[in-house]
Structures are given as structure tokens and as C-alpha cells.
Amino acid sequence: MSGNHTENGAIIHVKDLVAKYGDTTVLDHVTFDVARGNIFVILGASGCGKTTLLKHMTGLIPAASGVIEYGGKNIAGMDEEELALMQRGIGIAFQSSGLFNSMTVGENVALPLVEYGEVDPRLIDSIVRLKLSLVGLANAQHKMPGELSGGMRKRAGLARAIALDPPIVFFDEPSAGLDPIMASGLDELVLNLKALLGITFVIVTHELDSIRKVADQVLMLDKGVVIFTGTVEEAENSEHDRVRQFFERRPDEFMTQRNI
């Protein structure tokens, strides 16, 4: 990456990002760096712009203005072919797992390899088995998504996200819909993949247990504005009232007054 971003170890550089839906500004001059090999967590209350930020960082939605750089290249300046090439270098694990119900788990994981991987077809089956074993689903290759539990579907979605060995994986609300034991298991899996493969994770969540367990760095949004970036420990000790409220799980005052 060019300039100081290489020196400070950043793999993604975002500067003055503005996102709009019509006339409504959803993200307002958002700036941060994601360090290589870190687990970077984007947090905040519902509707604060977390998933919108994720969609912009992955090139799914173009920004109104600002910079999102991978390897020193701003995705806003990329043509369709360059953007597609960039997107092959990132993995995306969707909140709903994003698996195709008409395909086996193995076929779902093989999809990026078949579509983009330029992989010898004779190797695909072995690669699929390896990726599934990495996420603890060695015996699920020939099952249908409908036969899996919610936690297993999330793991299968993660296996597909790492099929092409991307350096960066985006994970949207990994704990959503999972019981605490399954959610904790998924946190362990993310930590293991980071340690084993050196993957940089960008995770959107509002689950405090997960944030405390996995995050190297956190960014907190409030109404589309960055109100905090730093470590979890720094967030826990922040004097910003909104940050403290989030980590202390305090309800808004108007809700308390109305006994909601």
C-alpha cells in the first residue's frame, strides 16, 4: 500500500467516506484504517450505518464521496473489471449465511473456486474438504443447507468466504440468531482462522461478548458518524457518553422514563 498506510500496517484505508440514500446522509465523513492481520469490529446501535459501511467497503454500493483504498488503489476509481478483481480478493460471510438451498454444502463452498478461482477442477473437491474441515464441518460436504443448524450454516458460509484464500474476510452479524454457546464457538473459529491463516477480519456486530472476545480494534458509529476508534479496553474506559452507554448496556433515557 502506498504512503504511510504501508508503514502503519493498514490493509484498508478509508478517508472521508460519505454514503447517501437519496438525500439522506447515512455515513458522514467516516475515516479509519484497518491493520493487516487484525480483527476490526464495527459496532453501534441498530440503524447507525454499520451494514451500509460494510457494503461500501466491499464495493457493493458506490460511495457519494471519499476514499476506500486497497493496496493504495481507491475503489471509486476502478472500472468494472478492476472492481471485480478486487472483490475476488476479499471474502464475504453474510448474516443469513447466503447459501444456495438447492446446492449441497460442498457445492456452495466450491462455487467461488468454479466461478473465479482458475483452479484445476481435479483439485476443487480436496480444497472444499479442507475449507470445511477448517470450520469444523468435515462431514457436512454432501448435506443440504436445510439439514444444518443455524450455527453450522454460518460456518459453511465462512468456509465459502475463505475458499479463494482471501487476505480479508468481511463478516456481517456472525452471532445473529445463535444461542450463546454457538456464538462463542463461532468467535473461537474466527480467532483460530486469524491465527492459522493470517486473515484480516472486518466484523459488524453489536454483541458485547463477541466484541470483548475477538476484537483487536473497534470502531463505533452513531447516526453515521465515527464517535470512537481504538481497542476494547480503551472503549470500556472512554469518557464519551454514547460509548459508555453501549458498553454498560444502559438504555436511552427516554426509554427509561417511559418504562420501555
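Across the stretch 105-129, the qualifying residues are those that are more than 24 Å from the chain's Cα centre (by Cα) and either of a type in the set (D, E, K, R) or closer than 30 Å to E207 by Cα (or both), and the one among them that is surrounded by the most Cβ atoms within 10 Å (Cβ to Cβ) is D125.
Scan the stretch 71-87 and tell me whether some residue there is closer than 24 Å to L111 by Cα and either assigned to a strand (DSSP E or B) or within 15 Å of the chain's Cα centre (by Cα) (or both). Within the stretch 71-87 (the criterion being closer than 24 Å to L111 by Cα and either assigned to a strand (DSSP E or B) or within 15 Å of the chain's Cα centre (by Cα) (or both)), the answer is yes, since at least one residue qualifies.
Select from the stretch 224-237 the residues that are over 16 Å from T51 (Cβ atoms), touching a residue at least 12 places away in the same chain (Cβ under 8 Å) and not in a strand (DSSP E or B) and list them in ascending order. The answer is T231, V232, A235.
Going by the conditions given, is T25 surrounded by 15 or more Cβ atoms within 10 Å (Cβ to Cβ), touching a residue at least 40 places away in the same chain (Cβ under 8 Å) and under 30 Å from R249 (Cβ atoms)?
Considered against the rule, which asks whether it is surrounded by 15 or more Cβ atoms within 10 Å (Cβ to Cβ), touching a residue at least 40 places away in the same chain (Cβ under 8 Å) and under 30 Å from R249 (Cβ atoms), T25 comes out as yes.
Scanning the stretch 213-223 turns up one or more residues that are under 17 Å from the mean Cα position of the chain (by Cα), free of Cβ contacts under 8 Å to residues at least 60 places away in the same chain and surrounded by 16 or more Cβ atoms within 10 Å (Cβ to Cβ). Looking at G91, G66, just one residue is in a strand (DSSP E or B), under 30 Å from H206 (Cβ atoms) and touching a helix residue (DSSP H, G or I) at 6+ places or on another chain (Cβ under 6 Å), and that residue is G91.
Every read-out reported here was derived from the displayed coordinates using simple, explicitly stated rules and does not represent laboratory data. Note that the coordinates shown come from a computational prediction; the quantities given were computed from them, not determined experimentally. When we count neighbours, we look across all protein chains shown, and the Cβ atoms used for this are built from the backbone with ideal geometry, even at glycine.
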